[in-house]
Structure formats: C-alpha cells, structure tokens
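Structure first, commentary second.
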Amino acid sequence: MNRGILRCVGCTLLAVLAVLLTDVCSAEQGLDELKLLAITVATDETDGYKRFMRSAKVNNIDVKVLGMGEEWRGGDMRNPGGGHKINILKKETELHRNESNLVLMFVDSYDLILLADPQEFLKKFLEFNANMVFSAEGFCWPDRGLKDQYPEVSHGKKYLCSGGFIGYALTFHQVVADHAIEDVEDDQLYYTKIFLDKQKRDKLKLKLDNKAEIFMNLNGAQDEVEIKFSGDKAWLVNKEYNTQPLVAHGNGPSKLFLNYLDNYLPDKWNFKDGCTACSEDTLSLENLKKEEYPKILMGLFIEKPTPFIPEFLTRMMQLDYPKKRIDILVHNTIPYHKPQIGDWLTDEIKDQFNSVTVLQPEDNVNEYQARNHAVEMCKEKSCDYLFSVDGSVVLTNKDTLKILIKQNRPVLTPVISKHGKLWSNFWGALGDDGYYLRSRDYLAIVQKQRKGVWNSPFITNIYLIQKEVLKQMQGSFGPSTLDPDMAMCKYFRDHGIFMYATNLHEFGRLLETENYNTNHLHNDCGRSLITECPSSNDWDEKYIHENYSQNMNLSIPLAEPCPDVYWFPIVTDTFAMHLVEEMENLGDWSGGRHEDKRLSGGYENVPTDDIHMNQVGYERHWLHFLKEYIVPVNTRLYPGYHSEARSIMNFVVKYDPNRQYYLRPHHDSSTYTINIALTDQASIMEAGAAGFCGITAK
Ligand SMILES: *[C@@H]1O[C@H](CO)[C@@H](O)[C@H](O)[C@H]1NC(C)=O
Ligand SMILES: *[C@@H]1O[C@H](CO)[C@@H](O)[C@H](O)[C@H]1NC(C)=O
Ligand SMILES: *[C@@H]1O[C@H](CO)[C@@H](O)[C@H](O)[C@H]1NC(C)=O
C-alpha cells in the first residue's frame with residue numbers, strides 16, 4: 001500500500017471530527033496516484049454489452065474484457081453458476097497483483113451501466129477505508145441459510161451481491177484466488193463464504209456497500225431510485241440512503257428497469273439538449289444510388305377487420321424508397337378485405353416492386369405463421385431489414401422507412417398513437433404478469449414532451465428489424481400461448497435484444513379497430529360509413545369535402561341560388577358513392593306508394609321511392625353527422641338560432657323515371673331540410689331533376 005493511501009486512512013478516521021478535512025485529504029492525496037481498471041467477463045457482444053461499453057467510454061473508464069468468444073462454462077446466467085468467471089479473473093489478476101497503485105473493479109456487463117468517471121469511483125472507494133468493497137442487495141442469495149451469519153446493518157442492504165466489487169489489485173487477487181472453485185459452481189456463494197468468515201473479512205478489510213454509495217443493485221430496490229435532472233445534466237439518486245450511485249445494475253428481473261434508466265444515463269438525455277445519444281451510431285443513406293439501397297422485406301398484415309384498408313395500401317406504396325429494393329408480403333385473414341386487396345394488386349404495382357406475394361384467407365395461414373414466414377422470406381431473399389406494418393397503422397410520414405433505417409437500432413418502432421388517446425404502439429414498462437405497466441415517462445413520451453429513441457419492453461403494429469437480429473429469430477412469433485406480438489417481444493427480451501421506440505418525428509397514427517365490424521358494404525371507421533367517430537382525421541379525409549371548412553369562413557359567402565336555399569360543399573364523391581352502394585346493397589326501396597308501413601299513420605302524402613336510414617342501421621350515425629357537420633353551417637347562416645339537429649325521418653331517395661317519373665311540388669314539415677345530391681350532375685340531368693322554388697338544381 002502506498003503512502004498516499006495510508007495517510008488517507010488516517011484522515012478518514014479523523015473525519016468523525018472534521019468532515020471537511022476528509023474531502024480535502026482524499027481528494028488531494030491517494031486519488032492522484034491511483035489508477036482504476038474495470039474488468040468484466042463477457043462471451044457475446046449483446047446489446048447490453050454494447051451499452052455497457054458505451055457507458056465506460058463516455059466516462060473514460062478503462063475496461064478489460066475477458067472471455068470474449070470463449071465458450072461459456074459457467075451455466076445459465078439465471079441459475080447458480082459463474083465459477084468460470086472467478087477462474088478467468090484468477091488468471092488475469094495474477095498479472096496485476098504487484099501493482100500497488102492499481103484499483104480493480106469487477107462488474108457484470110450485460111445488465112449494468114457505469115455512471116461516473118474514474119476519479120469519482122476512486123474517491124468513493126477511498127472513503128470506505130477498505131481494501132475491497134462488494135455491492136449489496138436485499139436478498140440473501142443463493143443460500144438463504146446463510147442469512148444469520150451476516151453482520152448486522154442498522155440502515156442499508158445487508159447481503160453480498162457479486163455483480164460488482166472494487167478493490168486494490170493485491171486484495172482482489174487474494175480474494176479470487178482464495179480457494180478452488182469449479183466452473184459451474186456459484187460465484188456469489190464463493191465470495192459470500194469469504195466475506196462471512198470474520199477472520200478473512202478483517203484481515204483482507206472487506207466491506208459491503210450497504211447504502212449504494214458506488215453500486216446500485218436494482219432488484220427489489222427500484223422504488224429507491226430516481227433520475228434527477230438539472231439543465232444539461234441527469235444523474236441517478238438513491239432517495240432511501242441519500243446517495244448518488246456510480247453503477248446501476250439491473251440484476252434479476254430489474255433488467256427492464258435498467259433499460260428505462262438506460263434511456264437517460266449516462267449522458268443520453270437531458271432537459272436542455274433533449275436526446276443527445278440519438279445521433280450516436282446513426283447510418284447515412286446519402287450518396288447511395290437507388291440500386292444500392294438496403295433490401296427490404298415489407299410485411300403488411302391485415303389480421304382483423306380494419307377500416308380504410310384501400311387507403312392503407314395506397315399510403316404504403318407512397319413511401320419514399322426505391323421500390324425495386326422492396327419485396328412485399330401481404331397477409332390477410334379477413335374475407336371482407338379480400339376484394340380490396342385484389343383491386344390494389346394491379347400489374348403496375350407488381351412491376352414497380354421487386355416482388356409481391358399475397359396470402360389470402362383461403363391460404364389458411366394464421367397470424368403467427370405468416371409473421372414467422374415473413375422472417376424466413378426475408379432471410380431467403382438476403383434482405384437487410386424486415387419492415388412489418390399492420391393494417392391499422394396510418395403512416396403519414398413518407399420518410400418513415402428511411403428515418404428508421406438511419407436511426408440504426410436492432411429493432412425500432414416509430415411511436416404512433418390513437419387519435420386523441422394515450423393508446424400507443426409501445427409500452428414503457430412491463431408488469432410482473434408480462435402485460436402493460438405505465439412507466440414513469442410513458443405520458444411524456446406519447447405526448448412528445450420528451451423526444452428520443454426509447455428502449456422499450458414491448459412494441460407492436462409497426463417495426464423495422466435489422467438482419468443481425470433476424471438471424472437470431474426462429475419461430476419467434478409462435479406457436480405460443482401469447483399473441484404473436486407479445487411472443488415476439490418476449491423472445492427479444494429473453495434473448496437480450498433491445499427494442500426501441502422513436503418519437504423524434506411525427507409518423508402518423510393508429511386506427512381504432514375495437515368496435516369495427518364489417519356488417520355493411522362499406523365499413524370504414526367505427527361501425528359504418530356514417531359513423532360514430534366522424535371528426536377522426538381518417539374519416540374526414542375520406543368522406544368530408546376538402547372545402548367543407550370554408551363553409552364557416554365568414555369572408556367567403558355561401559351560394560344562395562334562391563331565398564333561404566343555400567348550397568355548400570359537404571361530403572366527398574366517395575361518400576356519395578358508398579352511401580348509394582350501401583342502399584342498393586340492401587335494395588329495399590319503398591316503391592313510392594302512399595301506403596307505408598314504416599310510418600306510424602301507415603300513409604305518406606308525397607311518397608318517394610326511398611330507404612330510411614334506420615333500415616340500414618344508420619339512423620344514429622346520421623343524427624351524429626347532422627350535429628357534427630350541419631349544425632355549424634346552420635349557426636353561421638342563422639346566428640342566434642340554435643339547432644339541435646333533431647330529425648325523425650332521414651332517408652335516401654332514388655329518382656328513377658322507370659319507377660317514379662313524377663313527384664308533385666311540396667313543402668316538408670320541418671324547420672329546415674338537408675338535401676345532398678348523391679349522383680353526379682350528368683346523371684341528374686339525364687334522370688330529370690329535383691329543384692327548389694322553380695329553380696332547377698345544377
Ligand atoms: C509479483 O511479486 C512476486 C513477489 O515479489 C513475484 O514472485 C511475482 O513474479 C510478481 N508478479 C508479477 C506479475 O510481476
Ligand atoms: C376547393 O376549392 C378550391 C378553391 O376554391 C377549388 O379549386 C377546388 O376545386 C375545390 N375542391 C373541390 C373538390 O371542389
Ligand atoms: C377565410 O377566407 C379568406 C379569403 O379566402 C382567407 O384569406 C382566410 O384565410 C380564411 N380564413 C380562415 C380562418 O380560413
């Protein structure tokens with residue numbers, strides 16, 4: 001032991017009397033002469049390993065990695081084992097045992113991040129006045145029977161955890177070389193036995209980090225910690241012990257919580273600069289010729305009745321990406337959507353893309369099989385990425401595919417949510433049951449108060465998977481008792497593959513499919529054509545006239561062809577066409593007779609050849625439509641008159657000279673009437689005309 005350290009030990013004893021002195025002393029003396037070397041044992045470059053190495057790099061910590069590429073003989077990491085680690089360490093520390101100014105720190109790497117620079121580590125270590133310090137946890141593992149042999153601790157964690165320890169090189173070597181251990185024996189038990197031997201503990205000056213001064217083991221202790229932010233800084237605190245841990249270790253089931261911390265630490269996200277790590281390791285597509293673009297397998301999955309499938313397919317075709325570099329696989333299990341896909345699949349589409357494969361309901365391929373198939377197909381075609389998108393995704397950003405590629409993450413989803421709702425396609429946390437749990441930052445991410453690229457335990461609906469990940473995937477979607485997307489995410493979690501969700505850009509939204517059924521001929525949005533959810537962007541886009549909003553603009557006069565008759569844009573041609581088709585599909589036209597069983601009196605004075613809205617199940621929807629789209633225009637035209645849009649008779653009339661060639665002029669007994677011409681002008685002229693006050697409708 002060198003002079004500096006000895007002096008410092010004395011100084012630490014004095015600290016009882018003078019706290020200030022301690023700081024000055026340990027900072028000035030031992031620190032300068034000491035060196036820190038972190039050692040870890042890792043056999044694969046997992047995502048967790050890469051994260052660990054990044055955390056070391058940003059903190060300027062030297063790391064020696066042992067075992068890389070070696071066959072792991074220490075058993076499954078979840079069960080006892082790990083003696084192999086000690087045997088590897090024994091060889092390595094033999095080389096360093098005489099370096100008296102060297103402090104060695106062993107840390108796990110797959111589930112651990114370093115949060116401070118060497119100075120901080122050495123300073124905290126010196127304050128322990130020990131030769132070696134082990135991290136501590138609240139569980140006595142793997143041998144609970146040893147509980148009572150542990151020294152009492154008044155406040156803090158009592159039991160040794162071998163996921164992290166720090167000590168002078170010599171002591172370090174003495175500990176790992178203390179006695180022989182088989183590769184498959186448990187390493188934590190090995191260290192525990194040495195620590196519980198009071199004679200050895202005192203002689204080697206071994207201590208436990210009871211209050212997470214250095215090592216924070218998160219298992220069972222997640223509630224103790226939180227991330228603090230100030231300006232461009234973010235750091236971890238332990239509220240229970242009022243400490244600032246330098247290492248975060250996601251031991252046991254706390255791995256996912258570590259992933260949450262990983263979104264911010266170290267130096268990844270802060271309130272001043274936002275996501276500083278988002279620009280690390282990104283790819284560029286600039287300067288690539290079209291034929292050099294990465295090869296994509298685009299899997300489009302329609303697994304349940306979904307509104308706006310034609311629009312979905314069109315939008316996917318409009319993504320900005322060289323189409324010849326894309327192979328398409330469409331999987332559809334819903335008979336209703338089959339003709340829509342047929343309409344879309346023209347020769348032109350087939351020619352534009354490298355290949356198009358369609359699996360329809362009669363192919364009898366279920367969802368998990370289709371998703372597994374997409375993975376295998378991607379591998380067969382030597383693709384670079386699998387881009388999987390469900391029919392319920394409304395992708396409005398044409399650059400989405402490029403953005404996802406450039407971000408360069410193993411598995412990446414663009415964050416989208418249902419219109420005006422918090423329901424989105426990623427989860428921030430996972431409950432013990434494997435299902436949704438709201439993370440501390442979920443709302444801030446969905447609402448985009450925090451923007452970044454977020455390590456998430458569950459993603460769905462749309463994602464890009466890199467080929468290195470695809471290689472590891474086999475039957476990842478099922479068969480399983482879980483839904484295919486749940487099964488996939490569990491597969492990734494179990495294999496240490498990180499999934500990310502980016503909300504750095506606007507990408508689009510998720511459709512509501514919950515109450516969607518296909519009882520009608522046209523079913524887009526909610527239940528039907530005239531829907532329970534108008535004012536959703538999707539419905540408006542498809543069915544409301546693009547100039548509708550001008551009707552409320554007071555500086556644009558509304559056409560008034562004759563007194564108190566106003567003429568304004570309201571719905572799209574598609575709306576008119578679909579409503580007509582819907583009525584024809586039912587075909588139950590009344591025939592224009594005076595006797596009408598649908599009416600309470602059973603008699604109609606001026607009968608038309610019509611179908612009532614309630615006959616096709618649209619009554620409720622139509623009234624909603626009136627409130628939502630007609631009342632605002634009404635309010636503009638008749639200020640001060642409030643219309644509740646109550647209406648007892650709503651119908652579609654068929655004017656067909658072969659069925660009813662004449663209807664005498666008449667007044668409706670209503671405050672006002674809404675007429676929408678559902679056929680185009682030419683047909684109206686041909687069929688004759690309906691008009692107002694002697695003026696023919698054009
Ligand atoms: C460390 O010192 C011991 C005793 O002086 C010596 O036997 C050993 O070879 C030294 N080891 C190294 C790696 O220098
Ligand atoms: C909407 O208004 C613009 C400008 O007045 C016009 O050019 C356009 O044709 C209108 N759109 C439709 C569908 O009528
Ligand atoms: C209303 O119309 C005028 C004239 O076309 C236009 O300048 C103005 O921006 C419109 N106002 C709104 C709120 O759209």
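Scanning region 193-211 for residues that are among the polar types (S, T, N, Q) and more than 44 Å from the chain's Cα centre (by Cα) yields a count of 1.
The set of residues in region 97-109 being crowded, with 19+ Cβ neighbours inside 10 Å and within 16 Å of ligand 1 (Cβ to nearest atom) consists of L104 alone. Within region 670-683, is there a residue that is more than 16 Å from ligand 2 (Cβ to nearest atom), under 45 Å from the mean Cα position of the chain (by Cα) and not in a loop (DSSP other than H, G, I, E, B)? Checked against the condition, which is being more than 16 Å from ligand 2 (Cβ to nearest atom), under 45 Å from the mean Cα position of the chain (by Cα) and not in a loop (DSSP other than H, G, I, E, B), region 670-683 yields no hits at all. For region 233-264, the set of residues classified as touching a Ser or Thr at 6+ places or on another chain (Cβ under 8 Å) and not in a strand (DSSP E or B) consists of N259, Y260, listed by residue number.
Condition (residue is among the aliphatic types (A, V, I, L, M), surrounded by fewer than 17 Cβ atoms within 10 Å (Cβ to Cβ), over 30 Å from P307 (Cα atoms) and within 16 Å of ligand 2 (Cβ to nearest atom)) applied to region 635-643: is it met by at least one residue?
Pass one, region 635-643, residues among the aliphatic types (A, V, I, L, M): 637.
Now restrict to residues that are surrounded by fewer than 17 Cβ atoms within 10 Å (Cβ to Cβ): 637.
From what is left, the residues that are over 30 Å from P307 (Cα atoms) are 637.
So of that shortlist, the ones also within 16 Å of ligand 2 (Cβ to nearest atom) come out as none.
Taking every residue of region 635-643 in turn, none turns out to be among the aliphatic types (A, V, I, L, M), surrounded by fewer than 17 Cβ atoms within 10 Å (Cβ to Cβ), over 30 Å from P307 (Cα atoms) and within 16 Å of ligand 2 (Cβ to nearest atom).
Conditions (1) without any contact (Cβ under 8 Å) to a residue 12 or more places away in the chain; (2) out of contact with any helix residue (DSSP H, G or I) (no Cβ under 6 Å at 6 or more places or on another chain); (3) not polar (S, T, N, Q), marked per residue:
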{"residue": "N87", "(1), (2), (3)": "no, yes, no"}
{"residue": "L104", "(1), (2), (3)": "no, no, yes"}
{"residue": "V107", "(1), (2), (3)": "no, yes, yes"}
{"residue": "A130", "(1), (2), (3)": "no, yes, yes"}
{"residue": "S135", "(1), (2), (3)": "no, yes, no"}
{"residue": "R144", "(1), (2), (3)": "yes, yes, yes"}
{"residue": "D148", "(1), (2), (3)": "yes, yes, yes"}
{"residue": "V153", "(1), (2), (3)": "no, yes, yes"}
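May I ask you to say which residue of L189, L160, L196 is surrounded by 17 or more Cβ atoms within 10 Å (Cβ to Cβ), touching a Leu at 6+ places or on another chain (Cβ under 9 Å), free of Cβ contacts under 8 Å to residues at least 60 places away in the same chain and not polar (S, T, N, Q)?
On the way: L189 fails: free of Cβ contacts under 8 Å to residues at least 60 places away in the same chain; L196 fails: surrounded by 17 or more Cβ atoms within 10 Å (Cβ to Cβ).
Of the residues listed, the single one that is surrounded by 17 or more Cβ atoms within 10 Å (Cβ to Cβ), touching a Leu at 6+ places or on another chain (Cβ under 9 Å), free of Cβ contacts under 8 Å to residues at least 60 places away in the same chain and not polar (S, T, N, Q) is L160.
Among the criteria (1) touching a strand residue (DSSP E or B) at 6+ places or on another chain (Cβ under 9 Å); (2) over 30 Å from L261 (Cα atoms); (3) surrounded by fewer than 17 Cβ atoms within 10 Å (Cβ to Cβ); (4) among the polar types (S, T, N, Q), the one S230 does not fulfil is (2). Among all residues of region 92-102, there is at least one that is assigned to a strand (DSSP E or B), away from ligand 3 (no atom under 16 Å from the Cβ) and at pLDDT 95 or above. Close contacts from region 540-551, counting a first residue that is within 16 Å of ligand 3 (Cβ to nearest atom) and a second that is not in a loop (DSSP other than H, G, I, E, B), with Cβ to Cβ under 6 Å and a gap of 6+ residues or different chains, come to H545/V571; N551/V633.
A count restricted to region 553-569 and to residues that are away from ligand 2 (no atom under 11 Å from the Cβ) and of a type in the set (V, I, T) stands at 1. When residues in region 445-466 are screened for being in a loop (DSSP other than H, G, I, E, B) and more than 19 Å from S417 (Cβ to Cβ), 0 of them pass.
So, restricting to helices (runs of 4 or more DSSP H) that lie completely within region 328-430, which ones have at least 2 residues that are crowded, with 21+ Cβ neighbours inside 10 Å? Lay out the reasoning, then the answer.
Values: elements: 338-344, 347-352, 367-380, 400-407.
Ranges flagged: 367-380, 400-407.
Of the numbered criteria (1) of a type outside the set (S, T, Y); (2) at positive phi; (3) modelled with pLDDT of 85 or more, the one F651 fails is (2). Residue count for region 592-605 under the criterion of being in a loop (DSSP other than H, G, I, E, B), over 55 Å from the mean Cα position of the chain (by Cα) and of a type outside the set (K, R): the result is 7.
Residue-by-condition table, conditions (1) at pLDDT below 95; (2) within 16 Å of ligand 3 (Cβ to nearest atom); (3) surrounded by 20 or more Cβ atoms within 10 Å (Cβ to Cβ); (4) within 27 Å of T243 (Cα to Cα):
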{"residue": "D62", "(1), (2), (3), (4)": "no, no, no, yes"}
{"residue": "V65", "(1), (2), (3), (4)": "no, no, no, no"}
{"residue": "G75", "(1), (2), (3), (4)": "yes, no, no, no"}
{"residue": "I113", "(1), (2), (3), (4)": "no, no, yes, yes"}
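The values are calculated or read from the model by the stated rules, or taken from the named source; none is laboratory data. For clarity, every value in this text was computed on a predicted model and none was experimentally measured. Backbone-built Cβ (ideal geometry, glycine too); neighbour counts: all protein chains shown.
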